[in-house]
1. Could you give the length gained on full extension between Arg54 and Arg388, defined as 0.36 nm per residue of separation minus the Cα-Cα distance, in nm?
2. Whole-Hz Karplus ³J(HN,Hα) for the range 285-297, in order, using 6.51 cos²θ - 1.76 cosθ + 1.60 and θ = phi - 60°, x for Gly and Pro?
3. Using modelled backbone amide H atoms (1.01 Å from N, in-plane), which distant-in-sequence or interchain residues come within less than 5 Å of Tyr40's amide H?
4. If you plug each phi of the range 104-110 into the Karplus form 6.51 cos²θ - 1.76 cosθ + 1.60 with θ = phi - 60°, what whole-Hz ³J(HN,Hα) values come out, in order, with x for Gly and Pro?
5. Given a Förster radius of 45 Å and the C-beta distance between Thr27 and Ser283 as r, what FRET efficiency does 1/(1 + (r/R0)^6) yield to the nearest 0.05?
6. Expected output is a single nm value to one decimal: the length gained when fully extending between Glu396 and Glu200, i.e. 0.36 nm times separation in residues minus the C-alpha distance. What is it?
7. Too long at a 19 Å Cα-Cα cut-off: which of Lys195/Lys276; Lys57/Lys262; Lys276/Lys374?
8. Hey, what do the phi angles of the range 43-55 turn into as Karplus ³J(HN,Hα) couplings, whole Hz, using 6.51/-1.76/1.60 and θ = phi - 60°, x for Gly and Pro?
Amino acid sequence: SFGSRSILRVISDNGDLHDYAVELNATNFDAVLRETPATYAVVEFFAHWCPACRNYKPHYEKVARLFNGPDAVHPGHVLMTRVDCASKINTKLCDKFSVGHYPMLFWGPPPKFVAGSWDPKQEKSELHVIDDGRTADRLLNWINKQMGSSYGLEDEKFENEHYSSNVSDVGQIARAVYDVEEATATAFDIILEHKMIKSETRASLIKFLQFLVAHHPSRRCRKGSADVLVNFDELFPSNSLENKQEENDGKDELGSFHICGKDVPRGYWMFCRGSKNETRGFSCGLWVVLHSLSVRIVDGESQFAFKAICDFVHNFFICEECRQHFYDMCSSVSSPFNKSRDFALWLWTAHNKVNERLMKEEESLGTGDPKFPKMIWPPKQLCPTCIRSRNQRNNEIDWDQDEVFKFLISYYGNTLVSLYKDKGFLDNDGIDSALEDLVASTNALVVPVGAALAIAAASCAFGALACYWRSQQKSRKYFHQLHSLKNI
Ligand SMILES: Cc1cc2nc3c(=O)[nH]c(=O)nc-3n(C[C@H](O)[C@H](O)[C@H](O)COP(=O)(O)OP(=O)(O)OC[C@H]3O[C@@H](n4cnc5c(N)ncnc54)[C@H](O)[C@@H]3O)c2cc1C
């Protein structure tokens, strides 16, 4: 079954010949529209045999190019989709929307399409028929009127003028909820593509996966990480790791593993989208993942979290300079963390050290994103109480660290997930739901030997999940013993 993410990928992998509009059908219609990060959706009902629809397609695509896909000029605002009513599978869906002619276009907030319907006699509906969209120009005008925007068909790539870098708007971080999923999926894709799971990096990945299972802000990333963890030894057998990855070139089951599920909508960076191509994206998303993890742990997990993050960056972050710098900062920590507060503040300070260095580099080389200049963070506009005073001579800041910690907790905790709360994807029930998912998705809680050893090695202080696995591990009999014997 196709999820929205795979659809967007298929389309975007097709070079210039691709369609930008997302083709929906009865099986994925609800899922894609429920999960899209876009504020509005256009659904075009058409029939593939209809000559008028074929002639209309280039007009529709011209508009879709602006809003859909990785190179969208105005991403995240409108999702442009189409449904082929001549396909049998879609008959009921088209009937529900009383499709009376082709092409017929609807406009509305995406969730209103989910399990939705439309009737011409219906008096009040948040779904509207687009009655003046016969050419690309007219369709875009119609959209502009609805949104109060001034998009143009000739708008340039990556001129994200609508993406203000308004640092005083705390609510902006809510958009990053899509980025934490995208960054997690991207990190895992990179690991597989670059065949980075080796005997010496295995334990570090297992540790990080445990961390994700327990504390990733997205429920489906927690579940996906649990699935990977449970199947770890089968997916990445320790004795033939390099060979297996080499032989299969990442295209078998390793390559098709979606750590946050198939249906994660690719917003192609929302909060982390730069105003220029390739300035922000993944590395920004990864920072947000790390900070959002750091504010979700309890005191007893602080040292584990520190190790998991340091080792993950060291082994799997493909930017050589970044991982080296980060590793140096990790290595300079002399005593173990006992408090989650200390760890969250350490990560915040480490990030600010990187910012400080890059501020100078980007200024002298002109390589930064003009709309997102590096800064010592959080600025006063974001957290007025975080800064006690600033030394006028050397610009050094006297931070109120209690206030900074409070701010980090609310910013990367609740505010980050506020958008998704209604959708139920990111409920913060942590370990319990991850366990439920795990049991439901595997039928049996079977932890592979290697992963189990790593889990057992981690202290129970890491959390109930590890303990649960550990105890399950003890009670596993034949499969386990057989497997161990084979390994010997
Ligand atoms: C672990 C790691 C190490 C890196 N090391 C290097 C390096 O050595 N050299 C290099 O060139 N690039 C490095 N990078 C990349 C670099 O830090 C930026 O991610 C990249 O330049 C994109 O910057 P950005 O403007 O999107 O903001 P980012 O620095 O990526 O920050 C993302 C968001 O986090 C928030 N934020 C900013 N500062 C803090 C803070 N102190 N605490 C909490 N939240 C904050 C802001 O909202 C910001 O928009 C590293 C990235 C990572 C994940």
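The values are calculated or read from the model by the stated rules, or taken from the named source; none is laboratory data. Every value quoted in this text rests on a predicted model; they were computed, and no experiment measured them. Cβ placement follows ideal geometry from the backbone for every residue including glycine, while neighbour counts extend to all protein chains displayed. Heavy atoms of the whole protein, side chains included, go into the accessibility calculation; ligands, DNA and RNA do not. Shrake-Rupley method; radii C 1.70, N 1.55, O 1.52, S 1.80 Å.
1. 113.9 nm
2. My calculation for the range 285-297 gives x, 5, 4, 5, 4, 4, 5, 5, 6, 5, 8, 9, 8 Hz in order.
3. Residues meeting the criterion, in which the H sits 1.01 Å from N, are Val78, Leu79.
4. Running phi through 6.51 cos²θ - 1.76 cosθ + 1.60 with θ = phi - 60° gives 10, 10, 10, 10, x, x, x Hz.
5. In this case the efficiency is close to 0.80.
6. Numbers: separation 196, 0.36 × 196 = 70.56 nm, distance 4.10 nm.
That works out to 66.5 nm of additional length.
7. Going by Cα-Cα distance, Lys195/Lys276; Lys57/Lys262 fall outside the 19 Å limit.
8. 10, 9, 8, 9, 10, 5, 7, 7, x, 5, 5, 4, 6
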